[in-house]
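Visitor: Mind looking over this structure? Questions follow.
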Amino acid sequence: MPNQNDHHISHRYDQELEALRDDVLNMGSKVEEQIENAVRALTEGNNDMAETTIREDHALNAMEVAADEKAVSLLARRTPAARDLRFVMTAIKTITDLERMGDEAEKIARMAQQLNSTKPIKRHTALTSMSEAVRNQTRQALDCLASMDADVALRVHGQDEKVDEMFEGIFRELLTYMMEDSRNISSTIDILFVAKALERIGDHCKNITEYVIYMVHGKDVRHTDVDSLDLDTP
């Protein structure tokens, strides 16, 4: 006959895992909002939105600390194994990447404030496509995290190469712009910092997709050619 106490402990354990999952997904939603607001602050010249993005970074940091504590507590008290252990490790790593994505959003917001206070220069056409690609990549990475869909994670993983190519194109364009007129150097460097922040957000999205693949298949695919892997082979 099943032990009722064992059943209660198991149910409580499942609840704790679910609570950690909710914390990570809530943090992801907050990061997605931060990125969207930071980009809008830049493209719309909205200093109020930039200030809100900067201020909200503290809330994101608090979410990181709370989720980390929950994950560490689970490891210490429950000693999870197999898939549960992979889930907790995935959560811990994802939390770190999400916090860093928030930091990059804050950088974009600060650069927006600087750029909004200077003479408008050519910037929107160079950044709009890249920002849309990164926001789409972020959304899809968080979706595959929520569903733990490794197939979607693999597709999103490949999108990072496109984002890198967009950054390189913007870099070359901005370099030419600075060479044409040295008075553009200061503002153009600020724009380059924005583009680099977007590129780094893309890198963190790529990391999250790798964690999802690890969670589902138990394979660490970092620093490997993911496209050539046979994930179904043990």
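Read the figures in this text as sums done on the coordinates, not as results from a lab. Quick caveat, the model's predicted, so the values are computed rather than measured. Cβ: placed from backbone, ideal geometry, glycine included. Neighbour counts: every protein chain shown.
Visitor: Per residue of the stretch 141-146, in order, report the coupling 6.51 cos²θ - 1.76 cosθ + 1.60 (Karplus, θ = phi - 60°) as ³J(HN,Hα) in whole Hz, putting x for Gly and Pro.
Guide: Coupling constants for the stretch 141-146: 5, 5, 5, 6, 5, 5 Hz.
Visitor: Provide Rg over Rh for the stretch 166-221; use the alpha carbon set for both Rg and the Kirkwood Rh (inverse mean inverse pair distance).
Guide: So for the stretch 166-221, dividing Rg by the Kirkwood Rh gives 1.29.
Visitor: Using the Cα centre of the chain as origin and beta-carbon charges of +1 (Lys, Arg) and -1 (Asp, Glu), tell me which of VAL216, THR188, LEU17 is placed farthest towards the positive end of the dipole.
Guide: THR188
Visitor: Determine the relative contact order of the chain: mean sequence separation of Cα pairs under 8 Å and six or more apart, normalised by residue count, in whole percent.
Guide: With pairs under 8 Å counted, the relative contact order is 24 percent.
Visitor: Output wanted: per-residue J couplings in Hz (rounded whole) for the stretch 189-198, from phi through Karplus 6.51 cos²θ - 1.76 cosθ + 1.60, θ = phi - 60°, x for Gly and Pro.
Guide: 5, 4, 5, 4, 4, 5, 4, 5, 4, 5
Visitor: Give me the net charge of GLY218's neighbourhood, meaning all other residues with Cβ under 9 Å from the Cβ of GLY218; Lys, Arg count +1, Asp, Glu -1.
Guide: Charge balance in the 9 Å sphere: +2.
Visitor: Another one. Say R0 is 30 Å: what FRET efficiency, to the nearest 0.05, do TYR13 and VAL65 get from their beta-carbon distance?
Guide: That gives a FRET efficiency of 0.85.
Visitor: Let me check I've understood the local charge: for ASP164, count other residues with C-beta under 12 angstrom from its C-beta, Lys and Arg +1, Asp and Glu -1. What total comes out?
Guide: -2
Visitor: If you compute Rg and Dmax of the Cα atoms in Å for the structure shown, which of (1) 16.9, 50; (2) 21.2, 74; (3) 20.4, 82 do you land on?
Guide: Here the calculated entry is (3).
Visitor: Using the Karplus curve 6.51 cos²θ - 1.76 cosθ + 1.60 with θ = phi - 60°, work out ³J(HN,Hα) for each residue of the stretch 153-166 in order, rounded to whole Hz, and write x for Gly and Pro.
Guide: 4, 5, 5, 5, 3, x, 5, 5, 4, 5, 4, 4, 5, 5
Visitor: Can I ask one more? In the Gaussian network model of the chain, springs joining C-alpha atoms below 10 Å, which of GLU32, GLU173, GLU210 carries the largest mean-square fluctuation?
Guide: GLU173
Visitor: Another question, then. Between ILE185, ILE213, ILE95, which gets the highest mean-square fluctuation from a Gaussian network model of the chain, Cα cutoff 10 Å?
Guide: Of the options given, ILE185 has the highest mean-square fluctuation.
Visitor: Can you pull the one-decimal nm distance between simple spin-label points at ASP84 and ARG222, each 7 Å off the Cα toward Cβ?
Guide: Spacing of the two 7 Å Cα→Cβ label points: 2.5 nm.
Visitor: Further question: At ARG155 and ASP181, where each label point lies 7 Å from the Cα along Cα→Cβ, what is the point-to-point distance in nanometres?
Guide: 4.4
Visitor: Nearest 500 deg cm²/dmol is fine: what mean residue ellipticity at 222 nm does the chain get from its DSSP H runs of n ≥ 4 alone, each adding -39,500 (n - 2.57), divided by its residue count?
Guide: Only helices count here, giving -30500 deg cm²/dmol.
Visitor: Using Cα pairs closer than 8 Å and at least 6 residues apart in sequence, work out the relative contact order for the stretch 28-109, in percent.
Guide: Relative contact order, the stretch 28-109: 48 percent.
Visitor: Sequence gap of 8 or more, or different chains, plus Cα separation below 27 Å: how many lysine pairs satisfy both in the chain?
Guide: Lysine pairs meeting the criterion: 27.
Visitor: Just subtract the alpha-carbon distance of ILE189 and SER117 from 0.36 nm times their residue separation and send over the number in nm, one decimal.
Guide: Value of the extension gain: 24.4 nm.
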